[in-house]
Structure formats: C-alpha cells, structure tokens
Amino acid sequence: MTITQQVIQQLINGISLGSVYALIALGYTMVYGIIRLINFAHGEVFMIGAFVGYFAITVLGLPFIAAIIIAMVFCAILGMIVERLAYKPLRKAHRVAALMTAVGVSMFFQNAAIALKWIGASPKGFPRVIEVQRYHIMENVSITSDRLLTMGVALLLMFLLQFIVHKTLMGKAMRAVSLDKDTAQLMGINVDKTISFTFALGSALAAAAGVLFALNYGVVVYQMGLLPGLKAFVSAVLGGIGIIPGAMLGGMLIGIVEVSVSAAGYSMVRDAVAFTILILVLLVRPAGLFGKNVREKV
Amino acid sequence: MKRKMFLVLVIVLIAALALSGCGKKPDATTPTPQQPVEEFIKIGSVMPVTGAIATFGVSSVEAIELAFKEINAEGGVLGGKKLKLYNEDNRSTAEETATAFQKLIEQEKVVAIIGSVASSHSLAGAPIAQDAKIPTISPTSTNPAVTLIGDYIFRACFLDPFQGEMMAKFALNELGLTTAAMIVEQESDYAKGLAQFFKQHFEAGGGTVVQTEEFSNQDKDFTAILTNIKAKNPEFVYIPSYYDTVGPILRQAKDMELNAQFGGGDGWDSADLFDLAGDAANGGFFSNHYSPDIDSPEVKKFLASYMAEYGKVPDALAALAYDAAYLMARAIDAAGSTDGTAIRDALAAITFTGVSGNIVFDANGDPVKTGVIVGIENQTQVYKATIQP
C-alpha cells in the first residue's frame with residue numbers, strides 16, 4: 001500500500017465516520033437552534049435507535065431499510081415524549097435547569113437500557129443484513145456496500161432536512177420560532193407543536209445514525225451513544241451551533257480529524273483531540289465556522 | 001416555580017432509582033429465609049455476570065455452583081459442613097470489583113474468595129482480601145502482577161508470559177509466519193502484558209513485529225488502525241483482548257480485506273465472539289487453558305456433569321472456576337478449619353489434578369501447567385495442540 005492509497009483509504013474511513021457524526025450533530029443543532037438547549041440525551045436516542053434497528057432485524061426479521069424507518073419513527077415519538085415530559089415544564093426556567101435535566105435523561109436511558117433484560121450490558125453483534133460488496137476504487141483502496149449505504153442515507157437525509165426546513169410550512173415555523181419564540185407565537189405559530197416537531201426530526205436523524213453506525217462497526221451496546229454523542233456535540237459547536245449546514249460540515253471534519261489522528265499513530269488521543277477542538281473553537285471562534293457573532297440580547 | 005422544581009426532583013429521583021436498581025438485583029445464591037438453619041461455610045466469589053465480559057462471569061459462577069453441589073452431595077467439607085456460594089456481580093468493572101470484595105469480607109464474612117476473572121479486576125479487588133487475610137483464588141487472571149499482591153492470593157491458571165510464548169511459538173513454528181502486527185487495548189493489564197510477552201518471544205524466535213496499534217476500550221471504529229496495519233502487510237495479527245472488542249475488530253478487518261492470520265489469548269473463549277464477529281472469526285487461533293476435546297478422566301467427568309446441569313459445553317472459564325472451587329474445598333479440608341491463615345497454608349502445599357491439568361503452586365501462588373491452542377473453524381472451537389511450559 002502506497003502512502004497515497006493509505007491516505008485515500010483513511011479519508012474514506014473518516015468520511016463514513018463523519019457522516020454518522022453529522023447526522024447526530026444535526027439533532028443537537030436543531031434543538032439548540034429552537035430552544036437554546038444542549039440536549040445531552042441525544043446520544044442515548046442514537047443508542048436506542050440502534051437497538052430498535054437491531055430488534056427489528058433480529059426479532060421481526062425485517063429488511064434493513066424497514067428497520068431504519070422503524071427506528072426513526074420510534075425515536076421520533078420518543079423524542080417528542082421526552083420533550084413533553086422533561087423539557088417543556090422547564091422552558092421558562094433557568095437554562096442550567098434544562099441542561100441538567102438533559103444530563104439526567106441521558107443517565108436514565110443508559111441505566112434503563114442495562115436494566116432491561118433484553119438489552120442488558122453485554123455488547124451484541126449487529127446482524128449482517130446486507131451482503132457485503134467491496135468496490136475497489138483503486139488498488140488497495142476499497143469501500144464496502146455498508147459504508148456506501150451509510151454515506152448515501154446520510155446525504156439523503158441531510159437533503160431531506162434542508163428541504164423540510166427551507167421549503168415547507170413547518171420548516172418556516174421552525175425558523176421563525178428559532179428567531180424569536182414569543183413573536184412567532186404572536187404571529188399565530190403553534191410554538192409547542194413546532195418544538196415537538198423539531199425534537200421528532202432530530203431524534204429520527206439520530207436513530208438513523210445509530211442504525212448506520214451499528215451496521216458499519218458491527219456492535220450495539222448500551223453505552224455506544226456516549227462518545228459519538230459528545231463528538232457530535234463538538235461537531236455542532238465547530239460548525240456553529242444552531243446552523244444546519246455547519247453541523248454537517250462539522251461532523252465530517254471531526255470524523256476525518258479523528259481518523260487522521262489514529263492513522264498518524266496516535267490512536268490513544270483521538271478522543272482528546274476532538275475535545276481539544278471544542279475548547280479551541282470556544283476560545284477562538286465561539287460562533288463556529290459558519291456562525292455570525294451575534295451580540296447576546298440583554 | 002415550585003411545580004417545576006418538583007418535576008426536576010421527580011426526574012432526578014427516577015434517574016437515581018434506575019441507577020441503584022440495577023446494582024441490587026436479588027442474587028440467586030442468597031439464602032432464602034424459609035430454609036432450615038444449617039451450618040454453612042461461606043465462600044464468596046466476584047464475577048462479571050453482567051457487562052462487557054458477561055459470558056465469563058456466567059460460566060464461572062455456573063461452574064462453581066456445580067462444584068459446590070458435587071462437594072456437598074459427597075458430604076461437604078470439614079466432616080459434613082456444606083459450602084455456600086455468595087456471588088457478587090462486578091458488572092465487568094474494576095471499581096465494582098473492589099466494592100464487591102469489601103462487601104463479601106465485611107458484611108457476608110466469607111472465609112475465602114474465588115475471583116475475579118479479568119486481571120484488571122483482580123488487581124483492584126485482591127489487595128482488599130490480602131489485607132483482611134482472606135485466601136483468594138482467581139480462576140483466570142493471567143497477568144503476573146495478580147499473585148504478587150501478596151501471599152493470600154493464588155490463581156488456577158497459567159500466566160501471560162507463557163500464554164504469549166505459546167502463541168508466538170505456534171505462529172512461528174506451526175504456522176510458519178514471521179511478520180506480525182499487534183492491536184493492544186491500553187486500559188487492559190491483560191492485553192498489554194500478553195502483547196509484551198508475545199513480542200518478546202516472537203522476536204526471540206526470529207520473527208518481527210512490524211506494527212503495534214493501540215486502542216481504548218470505548219472505541220467502536222477500528223478502521224483507521226486496521227488500515228495502518230494493512231499497509232504493513234503482516235502475516236499474523238495478534239489481538240490479545242477480550243471477545244467484546246475482538247469481535248468488532250475481526251469483523252471490520254474482514255470488511256477491509258485485511259488478509260492475515262489472526263490470533264489471540266484466552267479472552268477469545270466465548271460463544272459471543274461468533275455473535276460479534278460472525279464468520280470473520282473463522283481461521284483464527286487462540287491460546288487457552290483447556291479444551292473439551294482433551295481425553296482425560298477429569299475432563300470427561302466435568303464435561304458430563306456440566307452438560308447434564310446446564311445443557312451446553314463448558315468453556316475454559318468454567319473449567320478453571322470448577323478447578324478453583326475444588327482447590328478451595330480441598331484446602332479447607334486439609335486446613336481442618338476455616339481460619340484464613342490455615343487455609344492459605346494448606347493451599348500453598350496442595351497437589352491437585354483438575355480439569356485443566358495438574359496444579360502445584362510455586363512460591364508466588366502460581367501453578368505451573370500446560371496450555372492448549374484452539375482454532376476456530378466454521379464458528380466452532382477445534383483443539384489444535386497442547387503446549388508444555
């Protein structure tokens with residue numbers, strides 16, 4: 001394997017990891033955009049999505065695409081329930097209260113997963129639902145059908161999201177609420193419904209990311225959402241939290257950076273590098289790559 | 001405002017309940033109040049019944065229960081006293097292992113402990129037993145440091161230097177491979193020890209380790225380090241980890257057409273490896289303590305009674321835990337009392353033929369014994385060779 005071949009192969013590894021991060025980061029960013037809440041339970045929605053996909057395939061015997069849709073629907077409903085029960089009562093409370101609640105919800109889901117007999121704490125192998133095909137781009141550089149599917153589904157969902165946000169009435173409502181909740185309400189927008197919808201959308205994307213991640217890396221386990229969740233958060237901040245294209249780009253970048261760090265022989269610091277980026281972004285450009293510096297209203 | 005505070009409180013409480021709920025599952029081995037009062041000798045065990053390496057803990061507890069059942073049926077120890085197992089689940093973590101040792105010694109007042117499985121876990125728990133002078137046998141912790149904790153700590157298995165040597169020699173001499181790469185989990189004393197000894201013996205035997213990659217136990221994406229290894233084109237890849245990480249690594253290696261011979265240590269010995277790796281595990285080799293295919297009266301008896309009790313073939317974890325349980329019972333008998341120091345002295349002097357071979361302890365509390373190489377064919381384990389120390 002030449003250096004060029006290695007670099008290209010690692011780029012492919014990075015982009016397929018990054019597309020999963022991007023999908024999770026979208027949910028973080030949308031929720032933050034609309035109610036200024038960093039939803040730390042988002043990584044657990046990702047985990048639950050992966051498990052729903054796992055059970056849809058192993059227990060119900062469904063094909064992969066059906067499994068991913070079921071996981072998305074399930075998590076969309078779950079996301080709305082969590083918002084209604086845990087975050088809505090705190091909407092007018094201090095932001096830290098909602099943030100701590102999010103951390104609590106995250107712990108709740110992790111521990112509930114361990115306590116449930118059919119999930120438990122042991123890792124499970126994700127079934128090989130798709131016949132693995134390898135496509136050789138050049139000598140020694142290949143991409144599997146799993147990875148192509150991951151990137152394809154991720155891109156498709158991102159375009160779909162852009163369409164919903166920019167071309168539909170609900171998208172318009174979302175943008176209005178994110179600009180100014182109270183004024184939006186005065187204009188006759190149903191704010192509660194809009195926020196619910198945002199949670200549903202974000203959670204569905206996280207669920208899709210969970211199933212794709214499990215397919216690619218072959219394992220589902222209760223704490224699988226923790227690190228991808230945190231890294232997606234870094235991605236969202238890197239791209240500019242609240243900005244949808246920023247989350248996509250941020251996710252891709254973090255995926256590529258992480259893989260590059262491992263490729264350079266520093267696999268033990270790959271997580272640390274992601275969080276160093278978070279600190280640097282917050283210090284140097286808190287609004288992120290795509291963000292405009294907006295003065296906080298006093 | 002009050003209502004909101006209340007809601008927050010409720011959510012925190014629910015989370016707290018969920019947290020505590022899973023630690024306090026009723027233990028199958030706890031005596032029920034209806035039982036008549038009988039004189040028991042309490043033996044503790046600390047095993048990972050849930051968590052990343054749960055199959056190890058389940059096998060071990062099943063085997064100890066079986067051994068105690070047999071011993072009790074034959075009249076128990078010390079002239080008719082029955083053995084009773086108090087197992088604590090350490091949820092596959094070192095922290096919970098320390099807590100479990102403490103609980104067994106201080107609350108349950110056990111006279112001896114069998115445990116734990118993983119070396120990192122035993123290293124966290126055994127110092128507590130040493131301080132309390134409670135004789136402890138780990139069935140399967142292979143890292144040399146475990147028995148060096150003190151003179152009350154023993155083990156029933158061989159050590160990592162031998163295990164690393166076994167695989168190095170097998171790869172060099174039997175498979176005829178001369179270049180190797182290693183994938184080493186950095187939080188695991190077991191993995192780091194094995195990698196070190198494998199490298200030492202592989203290079204002493206004329207081989208070269210061309211690449212060493214590290215990972216952290218939370219990692220799920222191994223594609224980057226596997227691409228690095230593929231670039232070096234080694235003939236053999238040594239992954240001395242437990243099945244929970246070996247499975248995904250093998251699967252991802254197969255996806256990227258990393259065409260090398262894969263090998264590892266006794267951490268591969270779990271049926272879950274096939275669930276996690278699928279057909280990617282086929283063709284691999286690992287060093288182990290025992291194989292059900294070995295033809296000896298001890299293995300045959302154990303195989304028959306374990307199959308009758310649990311309806312499955314026992315793995316090496318079960319074999320060693322079974323041996324450890326018998327060792328402890330024999331030592332209590334030989335000591336003539338349940339005094340910790342007396343049991344320790346009896347253990348140190350014991351000669352015992354078990355399922356996993358002959359056990360005589362050296363000055364450190366380590367047995368000197370043979371090992372086997374197991375191959376994986378069509379997702380089943382096949383006995384390949386016995387290797388002498």
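The values are calculated or read from the model by the stated rules, or taken from the named source; none is laboratory data. No experiment lies behind these values; they were computed from the predicted model shown. Glycine also receives a Cβ, built like all others from the backbone with ideal geometry; neighbour counts cover every protein chain displayed. To get the accessible areas, we keep the full protein, side chains included, count just its heavy atoms, and leave off ligands, DNA and RNA. Shrake-Rupley method; radii C 1.70, N 1.55, O 1.52, S 1.80 Å.
Per-residue answers, yes or no, for (1) under 25 Å from residue B:277 (Cα atoms); (2) in contact (Cβ under 8 Å) with a residue 24 or more places away in the chain; (3) in the same structural domain as residue B:173 (by TED's automatic domain parsing):
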site	(1), (2), (3)
B:316	yes, yes, no
B:323	no, yes, no
B:326	no, yes, no
B:336	no, yes, no
B:342	no, no, no
B:345	no, no, no
B:358	no, no, no
B:382	yes, yes, no
B:385	yes, yes, no
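Please pick out the residue among A:51, A:40, A:74 that is more than 10 Å from every other protein chain (Cβ to nearest Cβ), touching a residue at least 24 places away in the same chain (Cβ under 8 Å) and not in a helix (DSSP H, G or I).
Working: A:51 fails: not in a helix (DSSP H, G or I); A:74 fails: not in a helix (DSSP H, G or I).
Every option except A:40 fails the conditions.
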- Task: Identify the single condition in (1) within 14 Å of another protein chain (Cβ to nearest Cβ); (2) of a type outside the set (D, E, K, R); (3) under 11 Å from the mean Cα position of the chain (by Cα) that residue A:268 does not satisfy, given that it satisfies every other one.
- Result: (3)
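In the set A:241, A:189, which member is open to solvent by 10 Å² or more (accessible area, probe 1.4 Å), β-branched (Val, Ile, Thr) and touching a residue at least 60 places away in the same chain (Cβ under 8 Å)?
Numbers: A:189 fails: touching a residue at least 60 places away in the same chain (Cβ under 8 Å).
Step by step, each of A:241, A:189 is checked, and only A:241 is open to solvent by 10 Å² or more (accessible area, probe 1.4 Å), β-branched (Val, Ile, Thr) and touching a residue at least 60 places away in the same chain (Cβ under 8 Å).
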- Query: When you go through B:295, B:275, B:333, B:279 one by one, which is the residue that is part of a loop (DSSP other than H, G, I, E, B), open to solvent by 10 Å² or more (accessible area, probe 1.4 Å) and among the acidic types (Asp, Glu)?
  - Reply: B:295
- Message: Given the criteria open to solvent by less than 20 Å² (accessible area, probe 1.4 Å) and either outside any loop (DSSP other than H, G, I, E, B) or in contact with an Asp or Glu (Cβ under 6 Å, 6 or more places away or on another chain) (or both), does residue B:226 qualify?
- Response: yes
- Query: Looking only at residues in the stretch B:282-292 that are buried (at least 20 other Cβ atoms within 10 Å of the Cβ) and more than 21 Å from residue B:359 (Cβ to Cβ), which one is nearest to the other protein chains (Cβ to nearest Cβ)?
  - Reply: B:284
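For the stretch B:229-237, does any single residue satisfy the condition of being within 7 Å of chain A (Cβ to nearest Cβ) and within 24 Å of residue B:54 (Cβ to Cβ)?
Pass one, the stretch B:229-237, residues within 7 Å of chain A (Cβ to nearest Cβ): B:230-231.
When the remaining residues are screened for being within 24 Å of residue B:54 (Cβ to Cβ), the result is none.
Taking every residue of the stretch B:229-237 in turn, none turns out to be within 7 Å of chain A (Cβ to nearest Cβ) and within 24 Å of residue B:54 (Cβ to Cβ).
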- Is it fair to say residue A:280 is more than 10 Å from chain B (Cβ to nearest Cβ), in a helix (DSSP H, G or I) and either open to solvent by less than 40 Å² (accessible area, probe 1.4 Å) or not charged (D, E, K, R) (or both)? yes
- Check on residue B:244, under 22 Å from the mean Cα position of the chain (by Cα), acidic (Asp, Glu) and either part of a helix (DSSP H, G or I) or buried (at least 20 other Cβ atoms within 10 Å of the Cβ) (or both): yes
- Message: Test of understanding: among B:196, B:218, which residue is within 9 Å of chain A (Cβ to nearest Cβ) and either polar (S, T, N, Q) or not in a loop (DSSP other than H, G, I, E, B) (or both)?
- Response: B:218
- Message: If I ask for residues that are within 14 Å of chain B (Cβ to nearest Cβ), more than 15 Å from the chain's Cα centre (by Cα) and not hydroxyl-bearing (Ser, Thr, Tyr), which ones from the stretch A:170-222 would you list?
- Response: A:215, A:216, A:218, A:219, A:220, A:221
